[in-house]
Amino acid sequence: MEHPFKYSLDNKRYHTMNYYFKSRYGKKRYKAVIDCGMTCPNIDGTRGFGGCIFCDGGSGYFTQKNISVTSQLEQEAKRIRRKNGDVHIVAYFQANTNTYASIEKLRNIYNEALSFPNITGLAIGTRADCLPDDVLELLCEINSCTELTVELGMQTVHEKTINKINRGYSHEEFVNGYRKLKNLGIRVCLHIINGLPDETVEMMIETARQTAKLHPDGVKLQMLHIIRGTKLGDIYENEPFPLLSREEYIDIIVRQLELLPPETVIERITGDGDKSKLIAPVWAMDKIAVLGGIDKAMADGNTWQGKFYRGE
């Protein structure tokens, strides 16, 4: 029997990026990751030092450092097309805080990416406390000439956890930055991390419930990765703390999806860490098993994204 979730072209009961691209553009798009050597106000002392405790070089696991935007895109385009043929590409400014620089530098790197052949959009990863008026004005300019997505690392809505992970700004500040973008008509994707230290299952579910009230365009969901060389890695190796099992993670994801608006695109539902530095959980390396487990759990439970979303 056909399942009841309408934003799907296959067996998925959640709104995948694949569905979003194919229904909107008729074909899939692929992200080319870029590292522009940015820093972060939580690293340089403006808001704090050391960054978030899980941060491993600004999450730019797959980026090529110390070369131009064009050179990085050339390498990424070769990688993507070798596997997928002649496809459209989204330039993804991934590493660290990509609105945290002079307006001149930002304008130059964004425009350099837009001038690269077959670039059909920009995705810019940043923090919600790094959106001054001149940056917002520039983002509006970019948004007027291409599809722009701004990705914000929310992680959690709980202040106790926010302080513990050393994020450097409150949830209220996060919401203020998010609303600035939405009020300007800019597409926004929020990042959520499950399994943060001392968070209960109900705390993770509450993060999804509060996220649903914001009605973001996209959400990325992932398990906390303990990476060697990070502050969190040091903490875990000195005094290990409980982590979610794969089965627990799958159950939490299903419950979170049930609360999120069906229109919200689930841009990621598990994570890619640097496997050479991953301490735990080891099960996170088997993405196929995680994805298959989510599909099976949703089918067995006859549930889907937004089943319990009532609109706010």
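Whenever a residue of the stretch 99-113 is surrounded by fewer than 18 Cβ atoms within 10 Å (Cβ to Cβ) and assigned to a helix (DSSP H, G or I), its partners that are modelled with pLDDT of 95 or more and not basic (Lys, Arg), lying with C-beta atoms within less than 7 angstrom and at least six residues away or across chains, give the pairs 103/134; 103/135; 103/138; 107/138. For residue 106, indicate whether it is modelled with pLDDT of 95 or more, over 26 Å from residue 271 (Cβ atoms) and touching a Lys or Arg at 6+ places or on another chain (Cβ under 7 Å). So residue 106 fails the test.
Applying the condition of being aliphatic (A, V, I, L, M) and in contact with a helix residue (DSSP H, G or I) (Cβ under 7 Å, 6 or more places away or on another chain) to the stretch 245-260 and asking which residue is nearest to residue 303 (Cα to Cα) yields 254. Looking at the structure I just gave you, is residue 236 over 20 Å from the mean Cα position of the chain (by Cα), hydroxyl-bearing (Ser, Thr, Tyr) and buried (at least 16 other Cβ atoms within 10 Å of the Cβ)? It is true that residue 236 is over 20 Å from the mean Cα position of the chain (by Cα), hydroxyl-bearing (Ser, Thr, Tyr) and buried (at least 16 other Cβ atoms within 10 Å of the Cβ).
Selection of the stretch 161-181 for residues being in a helix (DSSP H, G or I), without any contact (Cβ under 8 Å) to a residue 12 or more places away in the chain and surrounded by fewer than 20 Cβ atoms within 10 Å (Cβ to Cβ) yields 163, 172, 179.
Those helices (runs of 4 or more DSSP H) of the stretch 207-312 in which 1 or more residues are modelled with pLDDT under 95 occupy 231-238, 287-300.
Considering only residues in the stretch 18-38 that are of a type in the set (Ser, Thr, Tyr) and surrounded by 15 or more Cβ atoms within 10 Å (Cβ to Cβ), the one that is modelled with the lowest pLDDT turns out to be 30.
The values are calculated or read from the model by the stated rules, or taken from the named source; none is laboratory data. In this text, all values refer to a predicted model and were calculated from it rather than measured experimentally. Note that each Cβ is placed from the backbone with ideal geometry, even for glycine, and that neighbours are counted across all protein chains shown.
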